[in-house]
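Notes follow the structure.
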Amino acid sequence: MRRIAIIHDWLVTYAGAERVLEQMLIMYPQADVFSVCDFLPARERAFLQGKTPKTTFIQNLPGVRTRYRNYLPLMPLAVEQLDLSSYDIVLSSSHAVAKGVLTGPDQLHVSYVHSPIRYAWDLQHQYLRESGLDKGLKGWVAKWLLHKMRLWDVRTANGVDCFVANSRFIARRIWKAYRREAEMVYPPVDVETFAFREDKEDFYLTASRLVPYKRVSLIVEAFAQMPEKRLKVIGDGPEREKIKRIASGHSNIELLGYQSSTALVDLMGRARAFVFAAEEDFGIAPVEAQACGTPVIAYGRGGVLDSVCDLTQARPTGVFFDEQSVAAIVRTVARFEAEGSVIRAEDCRRNAERFAPEQFRKALGGVVEREWERFKGS
């Protein structure tokens, strides 16, 4: 019987990457799980199927529970200390360091990449600015550490037998960083939870963590210029006060803060359209909206190019804007209202079903089994 190990970067919350891990464990319930650190709360651990992940020395460092990202410079060393030498297949779920685990010539390593380390590659300058590390001595230290991280990241790409990307956008990032081709398997989206609803109400919705790169502030600024159009905003985060100031005095904008999953599904189903301004590796929220039969108005970069069909396609499910600006969002909302009648709720739902968990398991399982047969043959 094949021994399988699954390695994940870190376990601190049940989010998109953890949904991928969950499906991997459904595919390979006999697998052992490894992670740099594990601080998942008890209420979110059910998807691990009772497994206790094996962790690294990072787990026991001071203050790591709340400041685990501060230990990123030590994580390459940590992940290399995990002994996976007794496994036949290593499956990594990586957006940081998991793909760097050491494997031998008789082991198959398939790496499902959410992204090469974002803050070390093309998003370095944005990350440094937003962290206040773009100047001064601390800035130079951060830049040197990220330089070393890139060297390590490229070296460890040689230990991966097969890369799998979660979108065409990430496949291009993998090629740019490692000069390696990647298979493409879309991440799993729980489309069944997001109930289909054909009748819509006259408001727009956006839902996101309120952090800078999500660009929710742009959406709110745009609707502040369109007082006749209603916007509901779900989410909380460090940009909450900034967004609150922008929305102040605009009765058409409603800030709802954090909402339960039940409320999110209800509002997504009722919304006229879902507005999305981030450049995401994939972007699960636009798929969830389409599962509800709700069209998407999105920034036309990144993963949404795989998950949303724009007005030029046979069965459109949304409209793209071409730059992250208030003016572009205003123009595109107007275009949606003028031309969006061709978008049908049932087409949105049908498109979302391409990303159901069973489709992910079938596609990734096919890649792993094909690579295993090829590996044995070699």
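For the range 171-253, the gyration tensor built on C-alpha atoms gives an oblate shape. Its axis ratio a/c (a ≥ b ≥ c) is at least 1.5, and a/b is not larger than b/c. Relative to the Cα centre, the charge distribution of the chain, modelled as +1 at Lys and Arg Cβ and -1 at Asp and Glu Cβ, gives a dipole magnitude of about 940 debye. Across the range 305-366, C-alpha contacts under 8 Å between residues 6 or more apart give a mean separation that, scaled by the residue count, equals a relative contact order of 31 percent.
Normalised by the residues of the range 180-331, what does the relative contact order come to in percent, with Cα pairs under 8 Å and at least six apart?
26
Per-residue Cβ neighbour counts within 10 Å put ASP202, ASP190, ASP38 in the sequence ASP202, ASP190, ASP38, beginning with the fewest. Counting only aspartates and glutamates at least 8 places from LYS51 when in the same chain, those with an alpha carbon closer than 19 Å to its own are ASP9, GLU18, GLU22, ASP32, ASP38, ASP83.
Choose one answer from VAL287, VAL220, VAL211: the residue with the largest mean-square fluctuation in a GNM of the chain with alpha-carbon springs under 10 Å. For the chain, modelled as a Gaussian network with Cα springs under 10 Å, the answer is VAL211. Dipole of the chain computed with +1 at Lys/Arg Cβ and -1 at Asp/Glu Cβ about the Cα centre; of LEU48, TRP152, ALA5, farthest Cα towards the positive end is TRP152.
Arranged from fewest to most other beta-carbon atoms within 10 Å of their beta carbon, THR55, THR262 become THR262, THR55. With unit charges on the beta carbon (Lys/Arg positive, Asp/Glu negative), name the residue among VAL319, GLY249, PHE276 whose Cα is farthest towards the positive pole of the charge dipole of the range 191-355. Looking along the dipole axis, the top candidate is GLY249. When only Cα pairs below 8 angstrom with a gap of at least 6 residues are kept, the chain shows a relative contact order of 13 percent. Over all distinct Cα-Cα pairs of the range 191-355, the Kirkwood formula returns a hydrodynamic radius of 15.4 Å.
Based on other C-beta atoms within 10 Å, arrange GLU18, GLU323 from fewest to most. Working shown, then result.
Details: GLU18 17, GLU323 11.
Least to most surrounded, the residues fall as GLU323, GLU18.
The range 326-364 and the range 190-254 have Cα centres separated by 17 Å.
No value in this document is a laboratory result; all are computed from the given coordinates. Just so we're clear, the structure is a prediction, and the values are computed from it rather than from any experiment. With ideal geometry, Cβ positions are generated from the backbone for all residues, glycine too; neighbour counts draw on all protein chains shown.
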